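One structure is given below, represented as structure tokens, and several questions about it will come after.
Readers should treat all values here as calculations from the given coordinates under stated rules, not as data from a laboratory. Not measured: the values here are computed from a predicted model. Using ideal geometry, Cβ is built from the backbone for each residue, glycine included, and neighbour counts are taken over all protein chains shown.
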Amino acid sequence: MSPLHLVIFGRQGAGKGTQSAHIVDAFGCVHVSTGDMLRAAIADETELGLAAKAIMDAGGLVDDDTMIGIVSERLSADDIVANGVLLDGFPRTPAQAEELVAILGDRSIDAAINLEVPIEEVTERMLARGRDDDTPESIAKRLELYESQTRPLLDWFDERGLLMTVDGLGNEDDVFGRVRSALDALNGTDPQVGSGGCGE
Ligand code: AMP
């Protein structure tokens with residue numbers, strides 16, 4: 001089995017980070033979260049971090065060229081070429097989606113997981129976690145951008161038979177059970193055995 005190339009979608013606060021950790025554990029792909037990369041750049045006070053902070057705090061999107069540059073460099077690294085990738089937080093706009101297909105070339109995307117959690121629930125979760133960028137205004141802005149910029153990308157994956165929508169409500173293990181069944185089916189592995197697939 002060749003390395004898996006996966007994308008995880010879902011509103012901010014849907015649990016993408018938590019589920020991504022389970023997925024990479026089980027399937028051996030490398031987790032690439034653009035939000036984590038940007039937060040690390042802010043902590044390190046790099047040029048990118050300084051430029052991104054105000055945009056992130058306001059709930060806006062960092063510009064496409066910057067994001068495409070970061071992701072394209074990361075995707076060419078040896079660990080990802082060998083083990084595959086789970087992209088979390090990218091692509092977020094039509095321009096990013098187009099570039100992703102170009103960057104991956106023959107490494108085509110195997111599936112897009114859509115972690116579905118209603119707006120009311122993600123809003124409560126984000127207010128409760130209290131991150132710097134989790135003000136009511138910024139949350140509303142991010143949810144609006146998700147609907148207008150990111151959700152339309154799901155159609156692209158759906159049209160190609162790559163979209164797996166998973167109910168993201170409930171405790172994290174139950175949600176991962178659903179994600180795992182969807183991915184096991186894709187991978188052709190026996191869920192009872194539960195072995196992973198990346199790099200096998
Ligand atoms: P996340 O952790 O994925 O919710 O990302 C946190 C913030 O980082 C977002 O609200 C955006 O401001 C920024 N960000 C992360 N990924 C991207 C992306 N692919 N394109 C533009 N901005 C992004």
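Relative to the first principal axis of the alpha-carbon coordinates of the chain, what is the inclination of helix 34-43, with its axis defined by its Cα atoms, in degrees from 0 to 90 and to the nearest 10?
For 34-43 against the chain, the angle is about 50 degrees.
Can I ask one more? Using a 10 Å cut-off on Cβ atoms, rank the peptides 168-176, 133-141 from the highest mean neighbour count down.
In decreasing order of mean packing, 168-176, 133-141 become 133-141, 168-176.
Related question: Let me have the relative contact order for the chain, percent, based on Cα pairs under 8 Å that are six or more residues apart.
Value for the chain: 36 percent.
According to a simple spin-label model (label point 7 Å from Cα along Cα-to-Cβ), what is the distance in nm between Ala77 and Ala51?
2.0 nm
What list of ³J(HN,Hα) couplings, whole Hz, do you get for the stretch 155-165 from phi and the Karplus terms 6.51, -1.76, 1.60, once you set θ to phi - 60° and write x for glycine and proline?
Each residue's phi maps through the Karplus curve to give 4, 4, 6, 4, 4, 9, x, 9, 8, 10, 8 Hz.
If you don't mind, there's one more thing I want to ask. Hey, got the Cα dimensions of the stretch 10-184 along the principal axes, in Å, largest first?
Reported extents, whole Å, longest axis first: 38, 36, 29.
While we're looking at this one, here's another question. Taking the square root of 5 times each eigenvalue of the Cα gyration tensor, what semi-axes in Å does the equivalent ellipsoid of the stretch 107-180 have, largest first?
25, 18, 10
Right, another one. The stretch 80-115 to the stretch 1-26: how many Å between their Cα centroids?
The stretch 80-115 and the stretch 1-26 have Cα centres spaced 12 Å from each other.
OK, next. Going by alpha carbons, how many degrees (0 to 90, nearest 10) lie between the helix axis of 94-104 and the longest principal axis of the chain?
Relative to the chain, helix 94-104 is tipped by roughly 40 degrees.
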